[in-house]
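The values are calculated or read from the model by the stated rules, or taken from the named source; none is laboratory data. All values reported here derive from a predicted model rather than from experimental measurement. When we count neighbours, we look across all protein chains shown, and the Cβ atoms used for this are built from the backbone with ideal geometry, even at glycine. Ligands, DNA and RNA are excluded from the accessible area calculation, which covers all protein heavy atoms including side chains. Shrake-Rupley method; radii C 1.70, N 1.55, O 1.52, S 1.80 Å.
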Amino acid sequence: MSKRITPFASRYCSTLDRLKEAIRRKRPGLLRKGVVLQHDNATPHSANLTQQWLQRHGWEILPHPAHSPDLAPSDFHLFGPLKRHLGGMAFETEDDLISELRNWFDNLDVDFFRVGINSLLSRWQKCIDLHGDYVEK
């Protein structure tokens with residue numbers, strides 16, 4: 001692994017540590033049942049350091065075909081509404097933007113996330129049925 005990639009993988013592993021702690025606090029039984037994580041094949045996600053972290057914690061990875069934003073809930077469910085919400089807004093500072101993003105996320109109904117995750121099931125099934133040859137059109 002190149003030294004250039006290591007800081008990104010290290011940061012991603014720190015994010016996974018925070019995720020694990022949040023799951024432990026909010027849904028403790030989930031960690032005992034096992035975690036299935038979906039992430040794409042970006043370099044920090046596929047780095048040796050990350051793979052070692054996932055193996056050490058026993059987390060399973062849901063495979064993600066390359067160039068498949070149609071299988072990433074953030075791409076097909078989150079970014080559109082977020083873009084519409086932020087459309088036309090201007091921010092004086094990065095802190096103003098962060099504040100607006102936090103406000104938007106805090107005010108989303110839990111069903112928003114449920115719908116996004118549930119729609120992933122049919123998208124994955126379509127991908128499986130077409131033997132991975134699937135792109136949302």
Subject >> Single match in 104, 53 (criterion: on the phi < 0 side of the Ramachandran plot, in contact (Cβ under 8 Å) with a residue 40 or more places away in the chain and of a type in the set (Phe, Trp, Tyr)) >> reply: 53
**OP:** Mind counting the residues in region 1-23 that are of a type outside the set (Asp, Glu) and within 18 Å of the chain's Cα centre (by Cα)?
**Re:** 14
Original post:
In region 54-75, is there at least one residue being among the hydrophobic types (A, V, I, L, M, F, W, C), surrounded by 14 or more Cβ atoms within 10 Å (Cβ to Cβ) and more than 26 Å from residue 128 (Cα to Cα)?
Top reply: no
**OP:** Filter region 79-96 down to the residues that are part of a helix (DSSP H, G or I) and farther than 27 Å from residue 38 by Cα, then identify the one that is most open to solvent (accessible area, probe 1.4 Å).
**Re:** 94
Subject >> The one condition in (1) under 30 Å from residue 130 (Cα atoms); (2) of a type outside the set (Ser, Thr, Tyr); (3) in contact (Cβ under 8 Å) with a residue 24 or more places away in the chain; (4) out of contact with any strand residue (DSSP E or B) (no Cβ under 6 Å at 6 or more places or on another chain) that residue 48 fails to fulfil >> reply: (1)
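Each row is one residue, and each column tells you yes or no for (1) outside any helix (DSSP H, G or I); (2) of a type in the set (A, V, I, L, M); (3) exposed (fewer than 11 other Cβ atoms within 10 Å of the Cβ).
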residue	(1), (2), (3)
29	no, no, yes
32	no, no, yes
40	yes, no, no
77	no, no, no
112	no, no, no
**OP:** State yes or no: is residue 50 assigned to a helix (DSSP H, G or I), exposed (fewer than 13 other Cβ atoms within 10 Å of the Cβ), of a type outside the set (Phe, Trp, Tyr) and at pLDDT 90 or above?
**Re:** no
Original post:
Which one of these does residue 61 not meet: (1) within 28 Å of residue 125 (Cα to Cα); (2) over 16 Å from the mean Cα position of the chain (by Cα); (3) modelled with pLDDT of 85 or more?
Top reply: (2)
